[in-house]
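Enquirer: Could you have a look at this structure, given as structure tokens, before my questions?
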Protein chains: 6
Amino acid sequence: MDHTLTARFAHVSTATLTTVLLKKGLRNVWLRGTRPLRPGQPRIVGRAFTLRFVPAREDLATPESWSSPTSTRAAIEAMPASCIAVVDAIGVDDAGIFGDILCARMAARGVAGLVTDGAVRDLAGVLAIGLPVWCAGVAAPPSVAGLTFVGWQQPIACGGVAVFPDDLIVADSDGAVVIPAALVDEVAAAAAEQEQLEAWIMRQVEAGAPLPGLYPPNAENKARFEAWRATAAKAPE
Amino acid sequence: MDHTLTARFAHVSTATLTTVLLKKGLRNVWLRGTRPLRPGQPRIVGRAFTLRFVPAREDLATPESWSSPTSTRAAIEAMPASCIAVVDAIGVDDAGIFGDILCARMAARGVAGLVTDGAVRDLAGVLAIGLPVWCAGVAAPPSVAGLTFVGWQQPIACGGVAVFPDDLIVADSDGAVVIPAALVDEVAAAAAEQEQLEAWIMRQVEAGAPLPGLYPPNAENKARFEAWRATAAKAPE
Amino acid sequence: MDHTLTARFAHVSTATLTTVLLKKGLRNVWLRGTRPLRPGQPRIVGRAFTLRFVPAREDLATPESWSSPTSTRAAIEAMPASCIAVVDAIGVDDAGIFGDILCARMAARGVAGLVTDGAVRDLAGVLAIGLPVWCAGVAAPPSVAGLTFVGWQQPIACGGVAVFPDDLIVADSDGAVVIPAALVDEVAAAAAEQEQLEAWIMRQVEAGAPLPGLYPPNAENKARFEAWRATAAKAPE
Amino acid sequence: MDHTLTARFAHVSTATLTTVLLKKGLRNVWLRGTRPLRPGQPRIVGRAFTLRFVPAREDLATPESWSSPTSTRAAIEAMPASCIAVVDAIGVDDAGIFGDILCARMAARGVAGLVTDGAVRDLAGVLAIGLPVWCAGVAAPPSVAGLTFVGWQQPIACGGVAVFPDDLIVADSDGAVVIPAALVDEVAAAAAEQEQLEAWIMRQVEAGAPLPGLYPPNAENKARFEAWRATAAKAPE
Amino acid sequence: MDHTLTARFAHVSTATLTTVLLKKGLRNVWLRGTRPLRPGQPRIVGRAFTLRFVPAREDLATPESWSSPTSTRAAIEAMPASCIAVVDAIGVDDAGIFGDILCARMAARGVAGLVTDGAVRDLAGVLAIGLPVWCAGVAAPPSVAGLTFVGWQQPIACGGVAVFPDDLIVADSDGAVVIPAALVDEVAAAAAEQEQLEAWIMRQVEAGAPLPGLYPPNAENKARFEAWRATAAKAPE
Amino acid sequence: MDHTLTARFAHVSTATLTTVLLKKGLRNVWLRGTRPLRPGQPRIVGRAFTLRFVPAREDLATPESWSSPTSTRAAIEAMPASCIAVVDAIGVDDAGIFGDILCARMAARGVAGLVTDGAVRDLAGVLAIGLPVWCAGVAAPPSVAGLTFVGWQQPIACGGVAVFPDDLIVADSDGAVVIPAALVDEVAAAAAEQEQLEAWIMRQVEAGAPLPGLYPPNAENKARFEAWRATAAKAPE
């Protein structure tokens, strides 16, 4: 992960990102049903490393499959540092895709976080590892109770959203958003501007201003914002 | 909001209110799928100010619509102090109806709280405002990603329950309950009595009494309660 | 409850138990949709005492039914100390099966905990009692708003899993698992071994070992584990 | 089944029965998710003979269980002629509770029909038998793929409705309705009257009358109906 | 309804209309969960006349409410000939909004059809009337068992889609589609062209042509289509 | 497709196949939510040719994507004669994956049938083609309204079941079942035997025999069946 890029999204909320993407015509970029595992865990930014499950079939989804070349273990060993593991668990929330041992190995490899529309298991152990996790819940059963692992770095569905390898993922307390790889630059630029505008609007609201004409700003308020921004740009913070 | 009325419900739990309403034949008064946004937030009592969304259609649900005369912004400016905003988001939980700026303006206008079967966005910002919120979750996308706003102070569906403008809303850690405007007085009277009875029963349980005949009380226990109440009424608290 | 038995499961996680049970061919033993009511509450182990509801019908599900011989009150009085009450609420999450008074009486009788696929009511009161509860949520309305109680110590469905009277229940932060009564001994033995193996694997991961061949262990790693175990058994902890 | 009783409901639609029951305060009497298996199959009236399943657990839900004393086979042999088998399949629609052989045996024993919130299997075979079936769908897998049978003639949940042994069941093209055993007589009387009134209203609509004041009738139209009924009672049909 | 307009959509399938609308950026125009009540019933085209329900509350949703000024009966009397009644039943499928008598009156008033995300009741009677109906199913209970009627000719949600009074509705065997009033003309023009193109492509497929380059057509096939169209326009049919 | 193989499954119902597979430990082989599009359509047997969709993202799921090298059109041209197209539409039922033109081309290429957990569009056109289809419903919108196509001949999820390229699919009026490629021979043998046994049992039931001891057969009835089979094998049919 390019540190410059990470830095550009370090302070942009997923709420702002979805607004910016919607203005570009993309309404379906927020992963449904995945929430921070621990309130207050740090936000993450990184490239998606995708993993894919299909439903369990008893001849395939066995403890023995954990030793197969196409296993979650092999996938983890292929993850580059700073990536975000994004796991298509087809929304299954009664089997845990990863527990403490797998999360510990991801942390050891420098993975930035885990995002899934499924569940994790061994909650106490996973929290102890400290890897930031966004998931749909916690479930004791192992993945093979409901899922068969079939591969990595393919296009996936996660929480009703398409995620492709190397798309950018940003996750915070509102959940996780995917930014298509091709749009990263223009989204970063627009997001910075939107954050600045919303900060200015919040000040007006705090000063007692009513909303119509302010949020979104009409011509007069746009001019006031631009004037303030010009001044702010000159002044030291 | 009449302060006397608020005072009458200040210590009555929603659990007690649903029992009282059920005894009057109303089983469908608790709003499904709406929970306190922050554990331990204060309970609220107030008259319902209703807002209504329909699903998004791309020609209507646009960032431009936020400037229309029929916008959530205009609705907020119409809210009287002490009301509770009750929002029919048709159960959509993948778009946030309000974020920090709109919540800040509601707080500035003296709105008592927000209750919705939808989601809010910008969780960190909304928590910072401090407005008590009951909702179905948190979602980063703006309302227009999934919803079109169509008006206020109409009858609405919220969490599978009918809410009319000016019905009374009480919300606590068990969720939110609607009391039809016409029944407010008789519910207040019955609820006070029910709370007193349950407090007495709890004391008996703490003293080791078994439940049958006690909860609900048989004739003998009813007499014991009435005797205790008569004594308690005379004694200083 | 036999204290020796409880002790054997005192440190075995539900995640480990589901793995052990799956290896014996049982994939459907984790109760869906039931979570700890309070984060960090103690884990519980005990024999299931089952209760069963069917949907409400207005002629049956009335406040008067609380005084009937077939009432939740009578069921509670039949619970032995140390049992775990497991309640089939047919997944209804918009009525609370028990509130503070019933939980207080269960606690007074020495019941170890409550597990249900339904909701509890009067959250503040239930938390004050301190009885450990696993449930699907919180709802203000009383049970009769949605449910009719029909009996106890029958086979039940709870969270999509069959539970029979006297099956063993273990519940922790990952949820609740049922161990069929006939399998308790062999599961206890296998689980102890599995926990020991996983502790050894976690040490290897912390030391930087990659996952393939380690988790699950191949022949070489199995031998290393056995050697370590032999040594550990001799050495003082 | 008393033939006089069957005759009293032979021409009363389930739509009329639900209206009559609602006027007596019972809103939850129509079994959700159960439809006629074959369009145009005959309507049925009879006493409920209940069967109950819980979820499958692999140690219990086996082909061997079909030979156990508590099996669907044994339950069928206990069914009296003219009863209606009402089966609580806990809404499982991916396993078929009965196929052609079990339906053939029920037909041979004179069972009037089968009503379930689950699925049947072997559609072609079941249709060939001709037993009237109301169900939630068709699924190839045997019951033990998802269900464990636990008993008969107990109170059950079916389609979100409580059904007790010997309640009256009426099923037609709108689905199946339960009439609590204690209310059968008064419902029969009220239903006959309601059917007569609606027939008269339909004639008025066919003659071009507008609905307000007619359906339901105001005082004037009630008088017109009573006059017509008095005349009709005297005249030969 | 302007007959010229109806004629323009008389032969355009809803499948084609959704393709045309999607090319204009509207993806959410097909009403979910509403299907033809009778296979093979005629397609309908007309302006939406909207009706709106909220959930039942026992003090409001009573048989007495059928006589209120805000009743479904009054709404039906306000429907103009040739309109299509579009009913927001908030997806409730366990209560029937209309039965045979109300459908008979709509037919008598010249209403073109009924579209709802809810259910109808008294299936046999409704089929006998012959009014074309698109709905989510059939349910015996009356509307007041689950719904409270609150008004007509307001914006509504129906099947997850926004419908405004006087939008155009087209319904066929694929379901029902809404065309925003402002887009009717341009959609009619584009749809006619799309239908012609697809008819030409089908001929090519029947003649054995492979799909890539044909559907959608590349430049070469576009030219062939245009040439064919020019010829076809000159020739008698 | 090997004709001998097809012949071996030509008369074996999916109900029998699921019983045989369950006896081998496979409970999850019946595709949920996929039903015959036309009642009475012929049963099909063939090798699975898999296709995979992920959710729509507006930058990817466009009418232009239909011309991409990774398009449903290209996938269809890769299908061998006699295969069954099995399509993972992630259960999306509000967009139709294929309409009449694509079905016509599949029929022209000799594809045996289409099985999906999604919807088809242009019902009238698809029925006219005559290709046997199992699907979850009918929806007017094109695939790109809800889905992005990403590839073929990969492992997929379909109706909650794992399907791998070249697994055997059998579909009849009870739905569609997958037989893992490695188990085809042994399943064929066991299925033939099971069909013969069930035919014999049905004769006994028709002759008035009770079920316990007969279905499944106890030792005595097994002996009777074996004797009958020995005789039947010698006699001309």
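Enquirer: From the C-alpha coordinates alone, can you work out the Kirkwood hydrodynamic radius of the protein assembly as shown, in Å?
Expert: Value: 33.8 Å, from the Cα pair sum.
Enquirer: Hey, got the dipole for chain C? About the Cα centre, +1 on K and R Cβ, -1 on D and E Cβ, debye to the nearest 20?
Expert: Computed about the Cα centre, the dipole is about 340 debye.
Enquirer: Given axes a ≥ b ≥ c from the Cα gyration tensor, I'd like to know whether segment E:44-166 is rounded (a/c under 1.5), prolate (a/b larger than b/c) or oblate.
Expert: Rounded is the answer for segment E:44-166, as its axis ratio a/c remains below 1.5.
Enquirer: Treating the point 7 Å from Cα along Cα-beta-carbon as the label, what are the nm separations from F:Ala189 to the other copies, to one decimal?
Expert: Nearest first, the other copies' label points are 3.5, 6.9, 7.0, 7.0, 8.3 nm away.
Enquirer: Ranking request for peptides E:57-63, A:74-80, A:56-62: highest mean number of other beta-carbon atoms within 10 Å first, then the rest in descending order.
Expert: Order by mean packing, descending: A:56-62, E:57-63, A:74-80.
Enquirer: Using Cα pairs closer than 8 Å and at least 6 residues apart in sequence, work out the relative contact order for segment D:45-179, in percent.
Expert: 35 percent
Enquirer: Of E:Phe53, E:Gly159, E:Ile101, whose Cα points farthest to the positive end of the dipole of chain E (charges on the beta-carbon: +1 Lys, Arg; -1 Asp, Glu; origin at the Cα centre)?
Expert: So the residue we want is E:Gly159.
Enquirer: Can you give the Rg to Rh ratio for segment D:1-91, taking only C-alpha atoms and Rh from Kirkwood?
Expert: When Rh is taken as the Kirkwood radius, the ratio is 1.04.
Enquirer: Out of B:Asn218, B:Phe149, B:Val133, whose Cα points farthest toward the positive end of the dipole of segment B:109-237 (charges: +1 Lys, Arg; -1 Asp, Glu; placed on Cβ)?
Expert: With unit charges placed on the Cβ atoms, the residue in question is B:Val133.
Enquirer: If Lys and Arg each add +1 and Asp and Glu each add -1, what is the summed charge of the other residues whose beta carbon sits under 12 Å from the beta carbon of B:Ala124?
Expert: The answer is -1.
Enquirer: Counting DSSP beta bridges with both partners in segment D:110-237, what percentage is antiparallel, nearest 5?
Expert: Here the share of antiparallel DSSP bridges comes out near 70 percent.
Enquirer: Roughly how many debye, to the nearest 20, is the charge dipole of the protein assembly as shown about its Cα centre, given +1 on each Lys and Arg Cβ, -1 on each Asp and Glu Cβ, and no other charges?
Expert: 0 debye
Enquirer: Now for a separate question. Tell me, what is the percent relative contact order of chain A, built from C-alpha pairs under 8 Å that lie six or more residues apart?
Expert: Over chain A, the number comes to 27 percent.
Enquirer: Note down the relative contact order for segment D:162-204 as a percent, whole number, built from C-alpha pairs under 8 angstrom at least six residues apart.
Expert: 25 percent
Enquirer: What net charge do the residues around B:Thr148 carry, taking every other residue with its C-beta under 11 Å from that of B:Thr148, with Lys and Arg at +1 and Asp and Glu at -1?
Expert: Residues close to B:Thr148 contribute a combined charge of 0.
Enquirer: OK, next. Just add up the charged neighbours of B:Arg229: K/R +1, D/E -1, any other residue whose Cβ is under 11 Å from the Cβ of B:Arg229.
Expert: Around B:Arg229, the surrounding residues sum to +1.
Enquirer: Which whole-Hz ³J(HN,Hα) couplings does segment F:56-67 yield from phi under the Karplus relation 6.51 cos²θ - 1.76 cosθ + 1.60, θ = phi - 60°, glycine and proline marked x?
Expert: Per-residue couplings from phi come out as 5, 10, 4, 7, 10, 8, 10, x, 5, 4, 5, 9 Hz.
Enquirer: While we're here: Of the beta bridges DSSP finds with both residues in chain D, what % are antiparallel, to the nearest 5?
Expert: Roughly 60 percent of the DSSP beta bridges within chain D come out antiparallel.
Enquirer: Moving on. Which residues' amide hydrogens lie under 5 Å from the amide hydrogen of D:Thr148, considering only partners 5 or more residues apart or on another chain, with H built in the peptide plane?
Expert: For D:Thr148, the qualifying residues are D:Val54, D:Ala56.
Enquirer: How far, in nm to one decimal, is A:Ala10 from itself in the other copies if the label point is set 7 angstrom along Cα toward Cβ? Shortest first, please.
Expert: 4.9, 4.9, 6.8, 7.2, 8.5
Enquirer: Express as a percent, rounded to the nearest 5, the fraction of DSSP beta bridges in the protein assembly as shown (both residues included) that run antiparallel.
Expert: If I count the DSSP bridges inside the protein assembly as shown, around 60 percent turn out antiparallel.
Enquirer: List the residue ranges in chain F for DSSP H helices whose C-alpha atoms run 30 angstrom or more along the long axis and whose Kyte-Doolittle average is 0.5 or above.
Expert: Span-like helices, by this rule, are absent here.
Enquirer: I would also like to ask the following. Straight-line reach from B:Lys234: which lysines have Cα under 25 Å away, leaving out those fewer than 8 places along the same chain?
Expert: Output for B:Lys234: B:Lys222.
Enquirer: With a 10 Å Cβ neighbour count serving as the proxy for reagent exposure, in which order, fewest first, do B:Cys158, D:Cys135 appear?
Expert: Sorted ascending by nearby Cβ count, the order is D:Cys135, B:Cys158.
Enquirer: Out of residues 5 or more away from F:Leu214 or on other chains, whose amide H comes under 5 Å of its own, with H placed 1.01 Å from N in the peptide plane?
Expert: none
Enquirer: Continuing with this model, one more query. Answer rounded, prolate or oblate for segment A:104-156, using the Cα gyration tensor with square roots of eigenvalues a ≥ b ≥ c: rounded when a/c is under 1.5, else prolate when a/b is larger than b/c, else oblate.
Expert: oblate
Enquirer: Could you please state, rounded to a whole Å, how far the C-alpha centre of segment B:68-104 is from the C-alpha centre of segment E:170-237?
Expert: 44 Å
Enquirer: When each copy gets a label point 7 Å from Cα toward the beta-carbon at A:Pro165, what are the spacings between them in nm, shortest first?
Expert: Nearest first, the other copies' label points are 1.7, 5.6, 5.8, 5.8, 6.3 nm away.
Enquirer: Could you size up the charge dipole of segment D:195-237 around its Cα centre, putting +1 on the beta carbon of Lys and Arg and -1 on that of Asp and Glu, and report it in debye to the nearest 20?
Expert: It comes to approximately 140 debye.
Computed from the coordinates by the stated procedures, all read-outs in this text should not be read as laboratory data. Note that the coordinates shown come from a computational prediction; the quantities given were computed from them, not determined experimentally. FYI the Cβ positions are ideal-geometry reconstructions off the backbone, even for glycines, and counts take in every protein chain you see.
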